[in-house]
Amino acid sequence: MTILTDFETEKTLDIDYEKTALAVAEKALELENCPYEAQISLILTDDEGIRQVNSEFRDIDRSTDVLSFPMIPFESPAAYDILEEDESYFDMDTGELLLGDIMISVDHVYAQAEEYGHSVTREFAFLVAHSIMHLLGYDHMEKEEAAVMEAHQEAVLSALGIVR
């Protein structure tokens with residue numbers, strides 16, 4: 001598992017975010033039965049940076065906590081059979097599955113940790129788990145989909161002992 005991290009803000013995230021992101025990603029892929037080593041790009045930014053990207057790619061001119069940019073058009077969540085048809089989903093040098101990009105607002109990590117009354121580590125881990133579920137094809141547009149996605153996110157965090 002490789003996580004390529006870019007820190008695009010002057011604001012600091014006073015936790016071991018690389019270790020946390022790696023643990024969450026590995027556990028999520030394990031629980032989702034991913035048969036491949038994978039690669040994710042993680043961009044840590046501030047509210048203004050994520051607002052600009054949200055506006056450009058989603059036509060929503062406001063900041064948000066996390067954005068996910070999946071590389072694989074899963075027909076159903078974690079249905080890896082699509083990967084057998086197309087080698088372009090893999091890094092040619094490492095052979096890792098290219099899952100996609102995650103962008104997290106450091107401002108939102110701190111604000112939401114305070115709002116929900118839990119640690120910054122827990123909030124960051126939640127946002128990584130949430131985003132990885134999106135990279136694997138989960139969504140929360142419908143109530144039933146949201147319940148499934150939330151259960152998968154919670155399973156990852158619980159397995160790691162990251163609780164509220």
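The values are calculated or read from the model by the stated rules, or taken from the named source; none is laboratory data. Small disclaimer: the values here were computed from a predicted structure and weren't measured. Because the Cβ atoms are built from the backbone with ideal geometry, glycine has one as well, and the counts that use them run over all protein chains shown.
At a glance:
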item: Ile104 vs. criteria of a type in the set (A, V, I, L, M), surrounded by 16 or more Cβ atoms within 10 Å (Cβ to Cβ), under 25 Å from Glu8 (Cβ atoms) and under 12 Å from the mean Cα position of the chain (by Cα); result: yes
item: Options Thr20, Thr2, Thr12, Thr64; residue that is over 14 Å from the mean Cα position of the chain (by Cα) and β-branched (Val, Ile, Thr); result: Thr12
item: 1 or more residues in contact with a Pro (Cβ under 6 Å, 6 or more places away or on another chain): qualifying helices (runs of 4 or more DSSP H) within the range 54-164; result: 120-135
item: Unmet criterion (only one of (1) under 18 Å from Ala111 (Cβ atoms); (2) loosely packed, with under 12 Cβ neighbours inside 10 Å; (3) of a type in the set (D, E, K, R); (4) at pLDDT 95 or above) for Glu10; result: (4)
item: Options Ser131, Ser76, Ser88, Ser119; residue that is of a type in the set (Ser, Thr, Tyr) and crowded, with 20+ Cβ neighbours inside 10 Å; result: Ser131
